[in-house]
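**Student:** Below is the structure I would like to discuss, written out as structure tokens.
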Amino acid sequence: MTRKNNFLEIQDLSVGYYEEDEYVDVLSKVYLSCNVHEIVAIIGKSGSGKTTLLKAIAGLIPIRDGKVILDGKLVIGSARERGLVFQEYCVFPWLTVRGNIELGSKCGADTRPEVVKDEVERLLKSTGLLEHQYKWPSQLSGGMQQRVAIARTLAADPLLLLLDEPFGALDAITRLQMQELIQSIFEEIKQGILLVTHDIREAALIADKVALLSGSPATTSKVWNVPNPRSSTNPLKLPPEQERVATEIFTLIKAE
Amino acid sequence: MILVIAIWDGVAHITNSPLMPTARNIGKVLPKVIINKDTYLHLIASIILVLKGFGLSIIIALPTSILCFRLKIYSRIVLPSHEFIRYIPVPAFVPLCAVLFGIGDLTKVILIFIGTYFQLVFIFISDFLTTPKEFEESARTLGLKGLKLIYKITIPASLSNLLNTVRITFAWAWSYLLVAEVVNATRGIGYLVIQSYRVLNMERLVVLLIVIGIFGILTDNILKFARITICPWLKNDKKK
């Protein structure tokens, strides 16, 4: 049975890397939790270790200290339970749109051909990619490519979706469309989402919780619970509670 | 090309040496060599040797480079010896191969293998390294591991670069064949070149070099076409 509260728990997490025999700490004593069916946005300055945190949760880089617990189980190594979408090189260029999503689905829990086919069709529809399904990624815009990557990751049926600045390279209009897509997809899925973003208003708009990473080595300096999350789709006109959170985050980052 | 011919012809006229044929004399011999059935029989014999030697190189270099790319310990054991051999010029192996493998076709195949395999391993590894690591990282978070990761991600992600490497190094295989055909050859395009040199038939020698060049361009285009056919996604990729 899936745990509803503290579905993801990050406790006392420290991560770093070796640079010429010297260990460099990137993250130190990071605490964070995410409940089931919740979006947690991670925000911080460039180089504050946001991507490192996602990679550590995904099991792509070793943890020095502390633990990551997902659905009551200790995270060790990479697995399909924690699907990661990068900002760049997010789609496999040698596979068509359909091929990309199919690959994800074939990595899922149920790989019977009829289940894979139904799942691919469902995701093609929900991400608005049905009419592009036989195109190569190079024929798609950046926003469309991100849709493919998100659909492929969801197709593998992860417990947690890790999005590393997925809209960072997109233009303002496409970014708005993608934020709306994430909100609409989120209503259909059971997964939790950890979203790394530079955009304070984007974080306040779509997240249930916003965590600020700061310091060197970085740690979670503050976590905000956003009241009435996703009550608007317009980041330019946030509801008052979300505007307050966005202002608080901005003030704290500026004061650093 | 016209400029090269003009310079050649100019120098031939100035030197007026029988060792430097004029463009007109070369032009007279060209159709005779091109319509001669024997030229093609020798060319085919050479192609078969190149395909054997170069094919063997690819078959062994691909898994070796994958293992070196994936396993640091394996690359530390294997690569130093490869690096050592890579720096020994192929012609230096001719006497050794002739003693070990005789003066038949096997020696020629081995020489082509030595000339290309040790280079291919390093270029293949570099092809794997230049592929964005995000592809493998994304795939690992889909649950792909081990051989499945190599088969479904590592190889397809680098395939277009690998095929480009094969196309470029094919020209090297062809060069080493001519080195190999110096050894007691009785057939092959290299043999024809050596024969022309021995009787100082310089017109025929130059024409044979032209034939080799034309064949090279033809092969290069075939391999370019094969790459686009095998990797159809490159047709729309502006970065190809």
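The values are calculated or read from the model by the stated rules, or taken from the named source; none is laboratory data. The model shown is predicted, which means the values in this text are computed figures rather than measured ones. With ideal geometry, Cβ positions are generated from the backbone for all residues, glycine too; neighbour counts draw on all protein chains shown.
**Student:** Please go through (1) within 12 Å of another protein chain (Cβ to nearest Cβ); (2) among the aliphatic types (A, V, I, L, M); (3) in contact (Cβ under 8 Å) with a residue 60 or more places away in the chain for residue B:200 and return the number of the only condition it doesn't satisfy.
**Tutor:** (1)
**Student:** Next question, about the same structure. If we scan region B:20-42, do we find a residue that is in contact (Cβ under 8 Å) with a residue 12 or more places away in the chain, under 17 Å from the mean Cα position of the chain (by Cα) and on the phi < 0 side of the Ramachandran plot?
**Tutor:** No, region B:20-42 contains no residue that is in contact (Cβ under 8 Å) with a residue 12 or more places away in the chain, under 17 Å from the mean Cα position of the chain (by Cα) and on the phi < 0 side of the Ramachandran plot.
**Student:** From the list A:78, A:14, which residue is under 30 Å from residue A:135 (Cβ atoms) and in contact with a Gly (Cβ under 8 Å, 6 or more places away or on another chain)? Working first, answer last.
**Tutor:** Numbers: A:14 fails: under 30 Å from residue A:135 (Cβ atoms).
Result of the check over A:78, A:14: A:78.
**Student:** Between B:92, B:139, B:98, which is more than 15 Å from residue B:53 (Cα to Cα), assigned to a helix (DSSP H, G or I) and more than 23 Å from the chain's Cα centre (by Cα)?
**Tutor:** B:139
**Student:** Hey, another quick one. Considering only region A:33-77, how many residues are within 14 Å of chain B (Cβ to nearest Cβ), part of a loop (DSSP other than H, G, I, E, B) and among the hydrophobic types (A, V, I, L, M, F, W, C)? Give the derivation first.
**Tutor:** So in region A:33-77, the residues within 14 Å of chain B (Cβ to nearest Cβ) come out as A:51-52, A:54-62, A:68, A:70, A:75-77.
From what is left, the residues that are part of a loop (DSSP other than H, G, I, E, B) are A:59-62, A:75-77.
Within this subset, residues satisfying the condition of being among the hydrophobic types (A, V, I, L, M, F, W, C) are A:60-61, A:75-76.
So the count comes out to 4.
**Student:** While we're on this one: Across region A:110-136, what is the number of residues that are within 12 Å of another protein chain (Cβ to nearest Cβ) and either β-branched (Val, Ile, Thr) or closer than 30 Å to residue A:48 by Cβ (or both)?
**Tutor:** Narrowing region A:110-136 to residues within 12 Å of another protein chain (Cβ to nearest Cβ): A:111, A:134-136.
Cutting the leftovers down to either β-branched (Val, Ile, Thr) or closer than 30 Å to residue A:48 by Cβ (or both) gives us A:111.
Number of matching residues: 1.
**Student:** Could you check residue A:145 against (1) modelled with pLDDT under 85; (2) assigned to a helix (DSSP H, G or I) and say which number it fails?
**Tutor:** Of the numbered conditions (1) modelled with pLDDT under 85; (2) assigned to a helix (DSSP H, G or I), the odd one out for residue A:145 is (1).
**Student:** Right, something else. Just to be sure before I move on: is residue B:110 closer than 27 Å to residue B:149 by Cα and assigned to a helix (DSSP H, G or I) in the structure I sent?
**Tutor:** Numbers: closer than 27 Å to residue B:149 by Cα: no; assigned to a helix (DSSP H, G or I): yes.
Answer is no for this residue.
**Student:** Let me ask something else about it. In this structure, is residue B:111 surrounded by 20 or more Cβ atoms within 10 Å (Cβ to Cβ) and modelled with pLDDT of 95 or more? Full working, then the answer.
**Tutor:** Working: surrounded by 20 or more Cβ atoms within 10 Å (Cβ to Cβ): yes; modelled with pLDDT of 95 or more: no.
Spelling it out, it is not the case that residue B:111 is surrounded by 20 or more Cβ atoms within 10 Å (Cβ to Cβ) and modelled with pLDDT of 95 or more.
**Student:** Let me ask something else. Output yes when any residue across region B:65-76 is of a type outside the set (Asp, Glu), within 14 Å of chain A (Cβ to nearest Cβ), buried (at least 16 other Cβ atoms within 10 Å of the Cβ) and over 22 Å from the mean Cα position of the chain (by Cα), and no when none is.
**Tutor:** Checking region B:65-76: not a single residue is of a type outside the set (Asp, Glu), within 14 Å of chain A (Cβ to nearest Cβ), buried (at least 16 other Cβ atoms within 10 Å of the Cβ) and over 22 Å from the mean Cα position of the chain (by Cα).
**Student:** Quick one: how many residues across region A:155-176 are assigned to a helix (DSSP H, G or I) and either at pLDDT below 90 or away from chain B (no Cβ under 14 Å) (or both)?
**Tutor:** Step one: list which residues in region A:155-176 are assigned to a helix (DSSP H, G or I), which gives A:155, A:172-176.
After this cut, where a residue has to be either at pLDDT below 90 or away from chain B (no Cβ under 14 Å) (or both) as well, the list is A:172-176.
Qualifying residue count for the region: 5.
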